[in-house]
Each structure stands twice: as C-alpha cells, then as structure tokens.
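Rule-based calculations on the coordinates, nothing more; no lab input. Just so we're clear, the structure is a prediction, and the values are computed from it rather than from any experiment. As a convention, Cβ positions derive from the backbone with ideal geometry for all residues, glycine included, and neighbour counts pool all protein chains shown.
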DNA sequence: ATCATTGCAAAAGCTTTGCATAAGA
DNA sequence: TCTTATGCAAAGCTTTTGCAATGAT
C-alpha cells in the first residue's frame, strides 16, 4: 500500500520533507516544530506569527512565540513556506508546498487578496537570465488596485 | 525663458509637486521637508531611513530621524517615492518620480540589485483587470537568483 | 550522556508618538 | 495670531537572544 498525499496528517509529504531537512542539518525533530508545521499545513494559506500563535493557543497547544520565530527560518529554508509581504508592522507568510506557483492581486482598499497563475513569467525569467547572466530561481509579482466591490464603493472607473 | 528639468535644484518639478501637495493638504513647506526631498532627489536611488539620516548628518544638516519618518508618508502619497522591500529589519524606499517604471532583479548572495523594464506586464495587468474586475493601478515584480559573479563563486549552473 | 531546543523575560531595533518649543502662513 | 512642525525622549511593536531547564537522539 503506497502512501498518498492525504494518508493522514503524518503521511503528508510536508512532514517527511521537514523531518529529512531537520535530520540532514543535525537538528532535532521536536513536538513543537511538528505542531507548528501541522497548523500551517492544515490552514494552508497566508499567516503571520501572532495569528498562528493565537490559533495554536486557542487549540490548547502550549508553545511560545519564540519557538515559532525560531521555526520559521527552517520552514523557509526547506521550501515549505515563504515570506509574502511586510505589512502592518510585521511579516506575512504563505504555505507554498504543493501549491502551484501563483502571484497576488491585492485590493488597496479592503486588503482582499486574490491569487492568479501567470505562465508567461517563466519566459520573462528566462529572458532576464540570459540578458543579465543570472541564475534565476524565482520571482514575486504583486499587482495592486481596487477590487470590484471597492471600485463601486469608491466610485472608481 | 522656460524652466527646464535641470534648471537648478529648486527648478526641478519634484519640488513643485511636493509644494503643491503640501499646500493642497493645508500643511507647511518647511526647510526640513525640503532638505529631505533634496537629498533623495540628488542621490536618486534606493535608500532607507537610517542611511538617509546619516548622509544628511554628515553633510552638516541638523534634523531628526523623526522628521524623516514623518516626511516619508507625504512623499509616498504624492508619488515621489515608494516602498521597495522590507529587509534587514527595516523598509527600503526608492525615488521614482521621472524614472521609467522598472522592476528589480536581485542576487540572493551579494544583494546586488539590477533594474529592468518589462513592457509585457502592462498586458498582464489589463488581463487581470478584466478577469477579476479590478481597477489595477500598479505592480511590483521582483525576480531573484544569483548574479554572474556569485554564480561563479558558488559554482552554480 | 550530549547537545540542541524550549520558555521566559530581557534586549534589540525600527517606527511612532506625546509634549514643549519653534516657526510657517 | 493661529496652527502645524520640529526635536527629543519615551513608548510601542515585532523579532531576537541569553540562560537555565528540558528533552531528543
């Protein structure tokens, strides 16, 4: 019986990736680290430290914010999450493993965020790599403006 | 005799734009505000608060960091500068007035930043506007990877 | 038995703010 | 004269860090 992507929380590849990363670095796979990753995997979206901390607290988990701050660089380093943007005085992160690479469209008024896939960026990357001699590994595109609702509300074109 | 773009510092349109903005808002055009804008215009590139503050101090200008922090939102609001990215624990800004809209290509190793113009993003904006019903006003694209020098140094493809 | 990790509280660093004084308009 | 702006220092926040205790391997 082969393990599938949704074969129970611990069967998800994210946990194996994290474990392998931790072991390879000679670190330790602790309950706290697993709890943090599980919460990120389960809610599978954007998050920030404070919000993640409160969510875990409300579920009765007892762990410190310091542990979250110390775990985040590890999760970034093994490619499970990434920084998305800095706003309201703190960083916002996003769970990316297994998600098709996407970009963000954000409303400047209500802060709603839509996601979109833009395949042509691959070509742009290639062109830049050639033109500047870079080894390109990724990009972040954020398009901003006003969402349909706020456009109406603000009487914009 | 018509005023040209480089007809002395005070003849540059940036100052007029800032003055008009200040007046329109019922604020006051102070020496401190002008000194800050002049430094940004003259160095015409990326900057952060601390660096700008030290540069002005070294030139013998006596003004406080608080004034810089209070002036920045005004300069953003009238479109003379913009936030570029948050790194090393603080925000980085960029002087944009009169600069062709460009995107950034950054080296993850040495932090070098190259700029490039990518006209196809206009089409992407239009497509998104139609598809999501947004009124799109701008975008930020950052492509990252390793510059030619660091590629060699790190032995990357 | 080792040595990394945790929680806590303190420290650090950037940014904001309260207040008395200065100074545009 | 009336208000806004400035400088300073304190406060506010997020994030980092030192340390003793804990726990993974």
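Points worth noting:
- C-alpha long axis of helix B:120-132 to longest principal axis of chain B, angle in °: 90 degrees
- Across region B:103-153, the mean sequence separation of Cα contacts (distance under 8 Å, 6 or more residues apart), normalised by length, yields a relative contact order of 50 percent.
- By other beta-carbon atoms within 10 Å, ranking B:136, B:49 with the fewest at the front produces B:49, B:136.
- Selected from B:39, B:83, B:118 as most flexible by GNM, with chain B as the system and alpha-carbon contacts under 10 Å: B:118
- Three semi-axes of the equivalent ellipsoid, region B:103-153, Cα gyration tensor, whole Å, largest first: 31, 9, 8
- Relative contact order of region A:13-95, taken over Cα pairs closer than 8 Å and 6 or more residues apart, is 31 percent.
- Using alpha carbons only: equivalent-ellipsoid semi-axes of chain A, gyration tensor based, whole Å: 31, 23, 15
- Counting beta carbons within 10 Å around each of B:103, B:147, A:110 and listing the fewest first gives the order A:110, B:103, B:147.
- Among B:145, B:89, B:44: highest mean-square fluctuation, GNM of chain B, C-alpha pairs under 10 Å: B:89
- Relative to the other identical copies, residue A:135 shows label-point distances of 4.6 nm, where the label point lies 7 Å from Cα along the Cβ direction and values run shortest first.
- Part-to-part distance (alpha-carbon centres) for region A:10-81 and region B:29-90, which is given in Å: 38 Å
- Distance between modelled label sites at residue A:86 and residue B:25, nm, 7 Å Cα→Cβ extension: 2.2 nm
- In terms of Cα atoms, the Rg and Dmax of region A:67-157 work out to 16.3, 47 Å.
- Relative contact order computed over chain A (Cα-Cα under 8 Å; 6+ residues apart), in percent: 15 percent
- According to the Kirkwood relation over distinct C-alpha pairs, the hydrodynamic radius of the protein assembly as shown is 22.7 Å.
- With Cα atoms, 0 to 90° folded angle of helix A:49-58 axis to chain A main axis: 50 degrees
- Taking chain B as a Gaussian network of alpha-carbon nodes connected by springs under 10 Å, the highest mean-square fluctuation of the residues B:29, B:53, B:97 belongs to B:29.
- Folded to 0 to 90 degrees: helix A:31-43 orientation relative to chain A principal axis, Cα: 40 degrees
- Cα centroid separation - region A:93-137 against region B:105-149, whole Å: 8 Å
- Computed over region A:13-95, the ratio Rg/Rh where both radii use C-alpha atoms and Rh is Kirkwood: 0.94
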